[in-house]
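Below: one structure, written as structure tokens.
The values are calculated or read from the model by the stated rules, or taken from the named source; none is laboratory data. Fair warning: this is a prediction, and the values are worked out from it, not measured in the lab. In this analysis, Cβ positions are derived from the backbone assuming ideal geometry, glycine residues included, and neighbour counts consider all displayed protein chains. The accessibility values were calculated without ligands, DNA or RNA, using every heavy atom of the protein model including side chains. Shrake-Rupley method; radii C 1.70, N 1.55, O 1.52, S 1.80 Å.
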Amino acid sequence: MKLHRVTALIFRHLYLYRRSLPRIMEIFYWPFLDLVIWGFITLYLARYQPQLPGFVTFFLGALILWDILFRAQQGITITFLEELWARNLMNLFASPLKPSEFLVATMAMSIMKVTAVSIVMAVCALVFYSYNVLMIGLWLGPFVLNLVVTGWIIGVFTTSLIMRFGQEAEVLAWSMVFLFQPISCVFYPLEVLPAWLQGIAWVNPAAHIFEGMRAVLTTGQAPLGDLAWAVGLNGVLVIGVVGWFYRTMAYCKDQGLLVRVGE
Amino acid sequence: MVNPVLKVSQLTKRFSDFTAVDGVSFEIRPGEILGLLGPNGAGKTTTIQMLLGLVTPTSGSIEVFGLDLSTHREEILQQVNFSSTYISMPQALTVEENLWVVARLYGLSDIAQRIDRVVRKLEMEEFRRKVTRKLSSGQMTRLALGKAILTEPRILFLDEPTASLDPDVAYKIRALLKDEQRSSGLSILYTSHNMREMEEMSDRIVFLQRGRLVAEGTAQAIVDRFGQTDLEEVFLKLARESTASLSS
């Protein structure tokens, strides 16, 4: 073994970190998020343990729904990354393809991925834990639809950032969605969060969906208020994020970044 | 007088304090092959990227078929295509699958017949079902060219289309492009660092240096204007001037 070859490789990777804020941030990102998520879960369990009817019901349902959001986001971002890795973006954007058509195609890919993953997860939950995701009832449909749209919002936002900052920002494709996890209240209710964070979580459509899911499972009541908030917020955020995507694309064309995004 | 298919007026592109293209004007007539020549960094690629709508010009205008590119992008790009040695096609797809995707992207009809025709023209029969990542660089270049002519464009932008081809295949490609030009009235904007190829292919040449248009005309007219023996000598003279001005 030659030390100089090992150090050459180490330097090759250190050079990457020297000028890359996204890569440096990623080192601290996961430990920080783990601490936040599991900290709040611990608080929740410590405070409400006697009242919880069954951990499995809550956690498996939340996990499956969270994965739907995650896959919906991945469906958008990974589809863009596939084009970037294949150095195919120039072929696409020098064709009559409109940015809106590109977005719709990525959303269609996202729906296919979500459908496949949901089926697999629902079957696995049933087989391994005798957990039937359909116990959420008819509300499952609107919950899933809204989570998919929230996933698209995060996906389009992340794609815009990768388009703007290039391949070095591609780690965001996997990490960005987890920035939203603490304020989505996936595994704990909104009230567990500190007051200042509750305000931020309130404008996140996913938080209303998970609140609605818990309401259905604990009280069986129709979560109409939560759903209305989720639909309204999703509508506003979709318009905002598509506008942001168009703005970023115009900026990238002006700066010549669209043809250099793979570098 | 015939209307040009492409008219570029005072095209300028600045990136912060660097001017990549500086007030360039030229036009391409129907059925004409226009050579775009210049040393590295002359602004050829940026010009082509602006013509394809991938980079927004700082100022100036681009008219294609009499329409402004900034307001009729979709209509224009439907009738334009390009091929570049530096652009790839999705590696995990086969040659046929790649061509099929392009055909769908441009909304073509009779896709199977069109693909057959292009495969025959570019002699791609033996690797049409091969995954793109397994192609040689010459085969890859033929695929890129196949993608460009599949849509039967009225204008073709070719950035060094024969760069990685052996002389025999390069000769066939040049013959094919000339044939397309004659049979369908195809107009071509052509860049190459092979001066003999430029002389052979181009009806006219536009010479760029440090983003500016420094000469325009037939290959012979440019050679005469600079008092050199051939186009290669002109190229070397201008390229060395560029290098000298950069280092001084």
- prompt: What number goes with the only condition from (1) away from chain B (no Cβ under 14 Å); (2) open to solvent by less than 50 Å² (accessible area, probe 1.4 Å); (3) in contact (Cβ under 8 Å) with a residue 12 or more places away in the chain that A:PHE165 does not pass?
  reply: (2)
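Determine whether the range A:22-33 contains at least one residue that is open to solvent by 20 Å² or more (accessible area, probe 1.4 Å), at pLDDT 75 or above and assigned to a helix (DSSP H, G or I). Spell out the reasoning first.
Within the range A:22-33, the subset open to solvent by 20 Å² or more (accessible area, probe 1.4 Å) is A:22-32.
Now restrict to residues that are at pLDDT 75 or above: none.
No, that holds for no residue.
Would you mind finding the one in A:ALA116, A:ALA105 that is modelled with pLDDT of 85 or more, within 14 Å of another protein chain (Cβ to nearest Cβ) and open to solvent by 20 Å² or more (accessible area, probe 1.4 Å)?
A:ALA105
Taking the options B:GLU197, B:GLU180, B:GLU232, name whichever one is within 20 Å of B:ILE48 (Cα to Cα) and either open to solvent by 10 Å² or more (accessible area, probe 1.4 Å) or among the charged types (D, E, K, R) (or both). Step through it out loud before you land on a result.
Values: B:GLU180 fails: within 20 Å of B:ILE48 (Cα to Cα); B:GLU232 fails: within 20 Å of B:ILE48 (Cα to Cα).
None of the others qualify; the one that does is B:GLU197.
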query: Which pairs do you get when a residue that is closer than 23 Å to A:GLU101 by Cα, found in the range B:107-118, comes within reach of a residue that is surrounded by 15 or more Cβ atoms within 10 Å (Cβ to Cβ), reach meaning Cβ atoms under 7 angstrom, with the pair 6+ apart or on two chains?
result: B:LEU108/B:ARG114; B:LEU108/B:THR151; B:ILE111/B:TRP100; B:ILE111/B:ALA103
Matching strands (runs of 3 or more DSSP E) fully within the range B:26-89 where at least 2 residues are at the interface with another protein chain (Cβ under 9 Å from one of its Cβ atoms) and within 21 Å of B:LEU177 (Cα to Cα): B:80-84
- prompt: If you take the residues in the range B:90-118 that are under 17 Å from B:LYS134 (Cα atoms) and more than 8 Å from chain A (Cβ to nearest Cβ), which one is surrounded by the most Cβ atoms within 10 Å (Cβ to Cβ)?
  reply: B:VAL95
task: Look through the range A:34-53, keep the residues that are under 22 Å from A:TRP174 (Cα atoms) and open to solvent by 100 Å² or more (accessible area, probe 1.4 Å), and return whichever of them is modelled with the lowest pLDDT.
output: A:LEU35
